[in-house]
Amino acid sequence: MSEIKYLETHEWYSLTENKITIGISDYAQGELGDIVFVTLPEVGQEFSKGESMVEVEATKTVAEAYAPMDCVIVEINDRLESEPEVINTDPCGDGWMVKAEVVNLDDSGMLYQEYETFIS
Amino acid sequence: MPDSLVSPLHNYHTSQNAKFIDFAGWSMPFSYEGTIKEHNYVREDKGFFDVSHMGRLEIQYNDIAILQTLICSDIENLQVGKALYSIFTNNNGCAIDDVIFWKFQDKILLICNAANTLKIKEHLITYSISFNDVTNSTALIAIQGPNAIEIMEGLVDIPDSFSCLQNDQYTYARTGYTGEDGLEIMVSLDYVDELLDYLKSNNISPCGLGSRDTLRLEASLPLYGFELSDEITPVEAGLKWTITNKQPYLGSEVITEQLKNGPHKILKKFEIDTRAIARTGTKVSAGESGGVVTSGNFSPRLQKSIGFVMFENQPSTDLIVFDIRGKLVEGKILKKRFLN
């Protein structure tokens with residue numbers, strides 16, 4: 001799997017060939033606090049870059065995760081329906097949200113070091 | 001923006017890596033280890049909250065007769081040594097603030113919401129009630145949970161439920177805002193560290209305002225600014241039980257009329273059988289009745305979404321539909337408390 005890249009809206013993605021895996025960053029989960037509910041899209045749903053894909057409910061507030069590039073959902077992380085707290089404990093691993101096929105490649109996300117500067 | 005006020009325990013909170021939230025001009029801890037974890041400490045064991053942002057006014061006992069004309073509860077006939085939850089009402093019978101009184105021989109301690117401290121002080125001044133504002137010269141700490149009392153027995157004499165005591169160091173009552181047993185302790189700045197050391201040495205975990213909110217909601221307790229406001233009466237907020245004042249008080253004729261027959265808006269509890277949270281402001285319908293969610297969150301104990309909704313009038317059905325950001329979600333009105 002390729003290196004994880006981050007967006008200013010605090011999603012991460014990793015690109016392998018023509019497929020991306022998407023989640024939210026460790027910083028984002030920390031800011032949100034306890035995540036209790038996640039509304040995931042359906043397989044086959046299409047998203048344009050910047051469109052809201054996932055709704056994340058925390059005890060503190062609700063947040064959205066946006067598509068990092070134009071893509072079509074090919075897989076969702078079912079585990080999040082019963083264990084949304086996995087996003088808190090392992091945001092960039094088991095807490096991934098969706099996998100999608102890239103329609104228009106836009107690999108302009110920040111590498112971790114750059115993202116770290118961005119959030120500090 | 002002016003600098004936020006901080007609690008006397010601020011350095012301790014920082015040392016515990018608290019996440020802070022700006023609340024009514026104060027920077028207070030929102031959470032330390034996580035809201036749900038802290039929620040469970042209090043429900044299952046014990047935890048403590050720094051609530052030093054809340055206003056604390058010592059009212060002269062002699063002014064009790066005037067005070068009685070400003071609140072919907074009977075404080076004059078309350079025994080000395082008791083605590084009282086009540087509501088300051090305006091001319092329309094609506095809530096200026098909901099407060100706790102601790103009635104002592106020589107004074108009445110008034111604890112009000114941080115956002116309303118100034119408003120309450122001005123109100124007391126208008127009605128010539130003398131008070132001493134001790135908010136900045138004391139801290140207020142709430143120790144709550146099923147195991148809180150047995151730990152606090154090692155520090156102070158334990159009062160009966162809803163009763164208050166004082167000694168040289170502490171002024172305290174067996175009250176709280178979590179639905180659990182516990183104490184709320186006011187302490188002068190000279191003794192704050194001593195109290196904090198006691199809590200630390202007994203492994204009582206600090207809990208933030210995030211869990212205080214989920215705990216109070218689960219305990220079916222209202223929060224001013226949400227379930228109560230200067231446009232909501234105690235009757236409308238489902239707080240009829242606080243109306244024990246038989247003498248005239250501000251807005252009492254409106255409240256008496258509502259109690260008798262008048263149609264009025266009405267607060268209801270709801271639950272949703274999923275984790276989809278219906279947050280403050282969510283529009284609701286129940287048959288012909290419309291309403292708005294005043295507070296809504298995930299209940300860690302019930303593992304579902306709960307909250308309060310204010311209906312324009314008494315709904316004819318218990319089945320309700322929420323419009324959660326364009327998505328229609330079904331729920332139901334609860335007649336009993338969230339927790340038994």
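B:THR317 fulfils the conditions (1) within 14 Å of another protein chain (Cβ to nearest Cβ); (2) at pLDDT 95 or above except for a single criterion, (1).
Yes or no: B:LYS107 assigned by TED's automatic domain parsing to the domain that holds B:HIS123, among the basic types (Lys, Arg) and in contact (Cβ under 8 Å) with a residue 60 or more places away in the chain? Here the answer is no, as B:LYS107 does not meet what is asked.
Look at A:VAL103 and say whether it is within 14 Å of chain B (Cβ to nearest Cβ) and surrounded by fewer than 18 Cβ atoms within 10 Å (Cβ to Cβ). Don't jump to the end; show me each part of the working.
Working: within 14 Å of chain B (Cβ to nearest Cβ): no; surrounded by fewer than 18 Cβ atoms within 10 Å (Cβ to Cβ): yes.
No.
Counting only residues that are polar (S, T, N, Q) and assigned to a loop (DSSP other than H, G, I, E, B), which one in the stretch A:29-83 is nearest to the other protein chains (Cβ to nearest Cβ)? Taking the candidates together, the pick is A:THR59.
Residues in the stretch B:129-148 that are touching a strand residue (DSSP E or B) at 6+ places or on another chain (Cβ under 7 Å) and not in a strand (DSSP E or B): 7 in all.
Confirm whether B:ILE120 is at pLDDT 95 or above, of a type in the set (A, V, I, L, M, F, W, C), more than 28 Å from B:GLN247 (Cβ to Cβ) and not in a loop (DSSP other than H, G, I, E, B). Steps first, answer last, please.
On the way: at pLDDT 95 or above: yes; of a type in the set (A, V, I, L, M, F, W, C): yes; more than 28 Å from B:GLN247 (Cβ to Cβ): no; not in a loop (DSSP other than H, G, I, E, B): yes.
For B:ILE120, the condition - at pLDDT 95 or above, of a type in the set (A, V, I, L, M, F, W, C), more than 28 Å from B:GLN247 (Cβ to Cβ) and not in a loop (DSSP other than H, G, I, E, B) - is not met.
When the stretch B:23-58 is filtered for residues that are closer than 26 Å to B:SER188 by Cβ and free of Cβ contacts under 8 Å to residues at least 40 places away in the same chain, only B:SER27 remains.
Go through B:GLU330, B:GLU312 for me and flag whichever is under 24 Å from B:GLU231 (Cα atoms), in contact (Cβ under 8 Å) with a residue 24 or more places away in the chain and not small (Gly, Ala, Ser). Unique residue meeting the criteria: B:GLU312.
Scan the stretch A:5-38 for residues that are β-branched (Val, Ile, Thr) and surrounded by fewer than 18 Cβ atoms within 10 Å (Cβ to Cβ) and report the count. Even if it seems obvious, please write down each step before you answer.
Residues of the stretch A:5-38 β-branched (Val, Ile, Thr): A:9, A:16, A:20-22, A:24, A:35-36, A:38.
Then keep just the ones that are surrounded by fewer than 18 Cβ atoms within 10 Å (Cβ to Cβ); that gives A:9, A:16.
Looking only at that region, the number is 2.
Taken as a whole, the condition of being touching a residue at least 60 places away in the same chain (Cβ under 8 Å) and among the aliphatic types (A, V, I, L, M) does not apply to B:LEU221. Has the stretch B:200-214 got at least one residue that is over 30 Å from A:ILE35 (Cβ atoms), at pLDDT 95 or above and surrounded by fewer than 21 Cβ atoms within 10 Å (Cβ to Cβ)? Yes. Checked against (1) within 12 Å of chain A (Cβ to nearest Cβ); (2) more than 15 Å from B:ASN203 (Cβ to Cβ); (3) acidic (Asp, Glu), B:ASP50 passes all but condition (1).
Could you tell me which residue of the stretch B:9-39 is nearest to A:ALA58 (Cα to Cα), considering only residues that are among the charged types (D, E, K, R) and in a strand (DSSP E or B)?
Quick first cut of the stretch B:9-39, residues among the charged types (D, E, K, R) only: B:19, B:22, B:33, B:37-38.
Keeping just the survivors that are in a strand (DSSP E or B) gives B:19, B:22.
On the way: B:LYS19: 15, B:ASP22: 18 Å.
It comes out as B:LYS19.
Inside the stretch B:271-304, residues that are over 21 Å from A:VAL38 (Cα atoms), surrounded by 19 or more Cβ atoms within 10 Å (Cβ to Cβ) and not β-branched (Val, Ile, Thr) make up a count of 3. Scanning the stretch B:1-34 for residues that are touching a Leu at 6+ places or on another chain (Cβ under 9 Å), within 12 Å of another protein chain (Cβ to nearest Cβ) and buried (at least 20 other Cβ atoms within 10 Å of the Cβ) returns B:PHE30, B:SER31.
Quick check on B:ILE66: is it surrounded by fewer than 16 Cβ atoms within 10 Å (Cβ to Cβ), away from chain A (no Cβ under 14 Å) and not basic (Lys, Arg)? Write out each step before concluding.
Values: surrounded by fewer than 16 Cβ atoms within 10 Å (Cβ to Cβ): yes; away from chain A (no Cβ under 14 Å): yes; not basic (Lys, Arg): yes.
The answer is yes for B:ILE66.
Looking only at the stretch B:238-283, count how many residues are hydroxyl-bearing (Ser, Thr, Tyr) and away from chain A (no Cβ under 14 Å). It would help to see each step written out before you state the result.
Step one: of the stretch B:238-283, the residues hydroxyl-bearing (Ser, Thr, Tyr) are B:242, B:244, B:249, B:252, B:256, B:274, B:280, B:282.
Add one more test, that the residue is away from chain A (no Cβ under 14 Å), and what stays is B:242, B:244, B:249, B:252, B:256.
Summing the residues that are hydroxyl-bearing (Ser, Thr, Tyr) and away from chain A (no Cβ under 14 Å) in the stretch B:238-283 gives 5.
Please enumerate the residues belonging to the stretch A:64-93 that are touching a residue at least 60 places away in the same chain (Cβ under 8 Å) and surrounded by fewer than 22 Cβ atoms within 10 Å (Cβ to Cβ). It would help to see each step written out before you state the result.
Residues of the stretch A:64-93 that are touching a residue at least 60 places away in the same chain (Cβ under 8 Å), as a first pass: A:68, A:87, A:91-92.
If the condition is that a residue be touching a residue at least 60 places away in the same chain (Cβ under 8 Å) and surrounded by fewer than 22 Cβ atoms within 10 Å (Cβ to Cβ), then A:CYS92 is the only one that fits.
If a residue counts only when it is under 18 Å from B:VAL235 (Cα atoms), which strands (runs of 3 or more DSSP E) contained entirely in the stretch B:285-340 have at least 1 such residues? Give the steps one after another, and end with the answer.
Numbers: elements: B:289-299, B:304-311, B:319-324, B:327-334.
Fully inside the stretch B:285-340 and qualifying: B:289-299, B:304-311, B:327-334.
The values are calculated or read from the model by the stated rules, or taken from the named source; none is laboratory data. Predicted, not measured: the structure shown is a model, and the values here were computed from it. So basically every Cβ, Gly included, is an ideal-geometry build from the backbone, and we count neighbours across all protein chains shown.
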